[in-house]
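First up is the structure itself, then whatever we jot down about it.
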Amino acid sequence: MPDLLSPALLRGKAAFVTGGGSGVNLAIAHGLASVGADVAICGRSQERLDEAATQLQVHGRKILALSADVRDAARLAGAVDTAARTFGRLDAVVAGAAGNFFAPAQDISPNGFRAVIDIDLVGSFHTARAAFAYLKQTQGSILFVSAGQAYLPFANQCHVGAAKAGIDNLMANLALEWGRFGIRSNSLVPGPIAGTEGMKRLAGPVGATMWIDAVALQRFGDVAEVAAMAVVLCSPLASYVTGARIAVDGGLALSGLGAISRAVSDPAVRDRPEPT
Ligand code: COA
């Protein structure tokens with residue numbers, strides 16, 4: 001992350017990040033640790049988490065790598081408890097774990113649709129619920145990782161759009177219900193971010209140029225730019241911000257996604273093999 005935030009911004013605080021083993025969520029974990037927070041990352045693969053945890057050690061904070069599938073409420077709650085016990089507190093929770101695949105609605109099986117809803121939406125609820133008691137103690141905050149698909153319909157992404165729209169609604173309800181406990185609840189909407197798994201799946205079929213044309217700032221974003229906003233939202237810099245959906249998308253939402261949606265509906269694109 002660019003060195004623009006005080007390295008003491010979250011000193012003495014602790015964070016828990018689901019999906020923290022890679023991509024945007026790992027970048028957020030780096031951001032949080034770089035400003036002084038102890039950080040637990042949680043994901044499905046212990047091996048991937050251990051690798052990420054080794055990288056995170058560079059910040060000199062306590063780092064935990066706790067494997068759990070966010071769909072398993074009991075296992076996830078166990079991971080949250082372990083983090084809170086080890087760090088002595090939890091101040092910031094990032095619900096970032098997500099699943100995605102690219103398929104037209106008519107080709108998605110009920111189980112496929114449910115898998116994404118379960119990981120993204122239900123998993124986010126499990127995360128918030130497991131963290132509630134700890135966040136109440138610290139007057140902490142929860143940050144959900146949403147997506148533009150929540151409000152910009154996008155071909156081959158109906159399951160993701162439905163899940164992310166649900167996340168934004170959950171975020172707003174928790175902001176309202178938990179505000180009286182001093183808990184803040186917000187969503188972050190990353191736009192097209194270079195090098196991420198999500199972009200590999202979404203940009204591959206239509207090429208980078210079409211995406212860049214659709215972005216007001218005319219470029220892909222960087223994971224560090226998403227992490228910087230996540231850190232701000234998790235910090236006292238955002239102490240009066242709750243119930244907000246903040247897009248870090250270079251202005252993508254301003255132009256809509258019609259052209260890209262039409263391009264990805266082309267059978268030649270639609271039937272391409274999955275990226276490996
Ligand atoms: N097209 C259509 N259906 C698909 C699919 C695709 N490309 N990939 C998976 N599915 C379906 C499966 O066929 C299955 O449905 P079925 O039982 O009716 O056949 C269902 O989704 C669950 O698949 P499974 O692989 O058993 O689930 P999982 O829990 O292991 O994986 C996913 C979850 C589906 C989200 C998977 O894509 C995944 O793990 N992705 C990795 C994380 C990721 O997507 N990161 C990017 C975030 S932006």
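Odds and ends about this structure:
- Rounded accessible area per residue of the chain, 1.4 Å, Å²: 44 Å²
- Efficiency of FRET from Cβ geometry, GLN106 and LEU237, R₀ 41 Å, rounded to 0.05: 0.35
- Dividing the convex hull volume of the alpha carbon atoms of the chain by its residue count gives 117 Å³ per residue.
- The mean of 1/r over all pairs of different alpha-carbon atoms in the stretch 83-149, once inverted, gives a Kirkwood hydrodynamic radius of 13.5 Å.
- Rg over Rh, two decimals, the stretch 118-218 (C-alpha only, Kirkwood Rh): 1.06
- Residues of the stretch 47-78 falling in the label zone of ARG129, defined by backbone nitrogen less than 14 Å from a point 7 Å along Cα to beta-carbon, are 70-78.
- The stretch 15-139: Rg to Rh, with Rh as the Kirkwood radius over Cα pairs: 1.01
- Karplus (6.51, -1.76, 1.60) ³J(HN,Hα), θ = phi - 60°, over the stretch 233-250, in Hz, Gly and Pro reported as x: 5, 8, 10, x, 4, 10, 5, 10, 10, 8, x, 9, 10, 10, 8, 10, 10, x
- Bins of 5 Å from zero: percent of alpha-carbon pairs in the stretch 48-97: 4, 19, 24, 31, 17, 3, 1
The values are calculated or read from the model by the stated rules, or taken from the named source; none is laboratory data. Only a predicted model underlies this, so the values are computations on that prediction, with no experimental measurement involved. Every residue, glycine among them, receives a Cβ derived from its backbone with ideal geometry; neighbour counts consider all protein chains shown. In case anyone asks, the SASA skips ligands and DNA or RNA and just uses the protein heavy atoms, side chains included. Shrake-Rupley method; radii C 1.70, N 1.55, O 1.52, S 1.80 Å.
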